[in-house]
Structure formats: C-alpha cells, structure tokens
Amino acid sequence: MAGICALGAMSPGPSLAVVMNNTINHGRMAGIATAIGHGLGVTLYALLTVLGLALVIAQSPTLFLVIKYAGALFLLWLAFKAFTAKPGATSTPEKGSARGGFNSGLLIAALNPKMAVFFLALFSQFVDANAALTEKLILAFTAGAIDTLWYLLVAWGIAAGPVLLFLQRHQQFINRVFAVLIALVAVSILLR
C-alpha cells in the first residue's frame, strides 16, 4: 500500500503544480506550507474512506464487491489518462504567502473527488471488516504522511533547483511508470 501511495503522490498533476508554483514564486516556506496543507487534505480523505469502507464491508459484501470493481475500473481509467498525458500540462495554482500556500494545498486535495475513489480502490485490498480502529487509523495516517513527506521533499528540492529540472525533463516517463503500475494493481483486483 505504501508504494502505491508514494507513486500516487509522485505522479505529476495539479497537486505537484501547486506545490511547485508556490515554492518557486513565494519561497521554501510557502512550498512547505502547501505540502502540509495537501497532506492534511489527503489524510482527511483517507480517514473518511477507511472508516466508511469498513462499514460497507461489514454491512453489505455485495455492495463492497461493486465498489471494489468500480474502483479497479477507475484505476484503469487513471492509468490510461496518465499514460496518454502530454508533458507540461499544469493547472493555474493559487498564489500567496505561507497561509495561502497551506490553503491552496488543502483545497487542491479536498476538492479532488478522484482521491476518494482512489482510496476506495486501494483500501479495499487492505481493510478487513473486523479490523481494529487502530489498524484503520494507521492506514489513513500512513497515506497522509507519505503524501506530506513527498511534497515536503519537492518543496525543499525545488527551492534548490535540480528537482524542478528533473521533473520537467522526465514528466512523461514518470506518468507512464505510474500508469503501468496502477494498471497492474487494477488488473490484479479484477482477477481476484
């Protein structure tokens, strides 16, 4: 699970664009605040997903299977989109201070409904109906911590320069590696 969360965080997209833009335009502290805000948004999505998914598992195994297969199909769609993405596609992130960075990081995560479906598909493989609350919390906080750490590294590295150049040069390759790995996860879900 940690590997898929890390690859999801590392995949270039709107979240990376926000962290990069805030770091480049407003300095390392704005980038760090953006990373923390984004990580909090991811943690909240993961908590809601893992707690709700356990309820679905306990009350309706048939509904759980429908969600599981829908999640696998969504992962295949994400893999297709990542594989066919053109390099250099970014969004226009919000500019601002450290507080503005935190807010933009939180909002880019919180306003991304794909994240909930991603976590549903991913956590369906790891959450048992009888799992203790502690186990569920560990899964959710692990996802949030991985996301936060990745974007903290991005903000720190971009402020120094070389990471930005690397990501720009290898964006298409990173997207394609992510696409292949996510497609493999989706296929393994469908074949179980």
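Below, the figures for the structure above:
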read-out: Pair list, Cβ under 7 Å, 6 or more apart: region 79-108 residue part of a helix (DSSP H, G or I), other residue of a type in the set (Ser, Thr, Tyr) and modelled with pLDDT under 85; value: Ala82/Ser11; Ile108/Ser15
read-out: Tally, over region 136-161, of residues that are free of Cβ contacts under 8 Å to residues at least 24 places away in the same chain and in contact with a helix residue (DSSP H, G or I) (Cβ under 7 Å, 6 or more places away or on another chain); value: 1
read-out: Close pairs (6 angstrom Cβ cut-off, 6 or more residues apart or separate chains): at pLDDT 80 or above in region 10-32, aromatic (Phe, Trp, Tyr) anywhere; value: Val19/Tyr151
read-out: Test: Val50 is of a type outside the set (Gly, Ala, Ser), touching a residue at least 24 places away in the same chain (Cβ under 8 Å), out of contact with any Phe, Trp or Tyr (no Cβ under 6 Å at 6 or more places or on another chain) and crowded, with 24+ Cβ neighbours inside 10 Å; value: no
read-out: Qualifying positions in region 28-47 - under 26 Å from Gly71 (Cα atoms), open to solvent by 20 Å² or more (accessible area, probe 1.4 Å) and of a type in the set (A, V, I, L, M); value: Leu40, Leu44, Leu47
read-out: One residue from Phe173, Phe141 being assigned to a helix (DSSP H, G or I), loosely packed, with under 12 Cβ neighbours inside 10 Å, at pLDDT 75 or above and not β-branched (Val, Ile, Thr); value: Phe173
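The values are calculated or read from the model by the stated rules, or taken from the named source; none is laboratory data. Only a predicted model underlies this, so the values are computations on that prediction, with no experimental measurement involved. Here Cβ is always computed from backbone atoms with ideal geometry, including for glycine, and neighbour counts include all displayed protein chains. Note: areas computed on protein heavy atoms with side chains; ligands, DNA, RNA excluded. Shrake-Rupley method; radii C 1.70, N 1.55, O 1.52, S 1.80 Å.
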